[in-house]
Ligand code: URA
């Protein structure tokens, strides 16, 4: 999409967006937020109830799990960039439809182009589908995937831990591994 040439412009465009029907039921659109300094961008699915209410990504229960996993890896949430595949909450937290993902894809593409993350951490199957056209999070998680000169690291969605607390360990181990890869490669991810 022409004109999405700074993060502020992307955030303003997201906040005013009427490209799909989700704009009719949202309280707030939820642009990405955080810092690109660490070189990591996290991409989730779509805002939930708390995010819709506050206009910020991952501020509910799933966000708490993500923040905790980051802290266990020694990383502060403010040092990473966090966004979603779809920027408005789907009614009743249903999965976003393909058409909604497609309507919103320009914003995610612009965030990636502007931030130039060294690694994009994909959180769960919806983001995996949007970014890699795949829905095999269980087999893809915990390792680097390269596509079209971008580097991805898929892991489970933090909300999965709410349904199966044993998955907290999986998420935490994956996130530790992600930052170990980032720290150890001197800018070259093999
Ligand atoms: N789940 C997501 O995928 N994104 C959010 O922002 C919150 C919950």
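A short reminder: the numbers here are calculations on the coordinates, not readings from a lab. Everything numeric in this text was worked out from a predicted model, so none of it was measured. For neighbour counting, all protein chains shown are included, and Cβ atoms are generated from backbone atoms with ideal geometry for every residue, glycine included.
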Taking 1 over the mean of 1/r across every pair of different Cα atoms in region 41-131, what Kirkwood radius in Å do you get?
13.5
Mean Cβ-within-10 Å packing, highest first, puts peptides 147-158, 113-124, 162-173 in the order 113-124, 147-158, 162-173
Share of Cα-Cα pairs in region 79-145 lying beyond 18 Å, as whole percent
39
Between 0 and 90 degrees, rounded to the nearest ten: what's the tilt of helix 61-72 against the longest Cα principal axis of the chain?
30
Once the Cβ-Cβ distance between residue 9 and residue 99 is put in as r, and R0 is 30 Å, what FRET efficiency do you end up with, to the nearest 0.05?
0.80
Rounded to the nearest Å, the spacing of the alpha-carbon centers of region 1-72 and region 126-182 is 18
Calculated FRET efficiency for the pair residue 184/residue 116, C-beta based, R₀ 30 Å, to 0.05
0.90
Send over the Kirkwood Rh of the chain, from the inverse of the averaged 1/r over different Cα pairs, rounded to one decimal Å.
16.4
Placing one identical point scatterer on every Cα of region 1-90 and ignoring solvent, what is log10 I(q)/I(0) from the Debye formula at q = 0.21 Å⁻¹?
-1.02
antiparallel share of DSSP beta bridges within region 1-142, to nearest 5, in %, is 20
The value for region 52-103 (convex hull of the alpha-carbon atoms, volume per residue, Å³) is 96
For region 25-68, list residues with backbone N below 20 Å from a point placed 7 Å from the Cα of residue 163 toward its Cβ?
43-51, 58-67
Interatomic Cα distance distribution for region 112-183, bins of 5 angstrom, percent
3, 17, 28, 25, 18, 7, 2, 0
If I take all pairs of Cα atoms in region 14-58, what percentage of them are more than 17 Å from each other?
36
Computed from the beta carbon distance with a Förster radius of 30 Å, FRET efficiency for residue 79 and residue 27 to the nearest 0.05 stands at 0.60
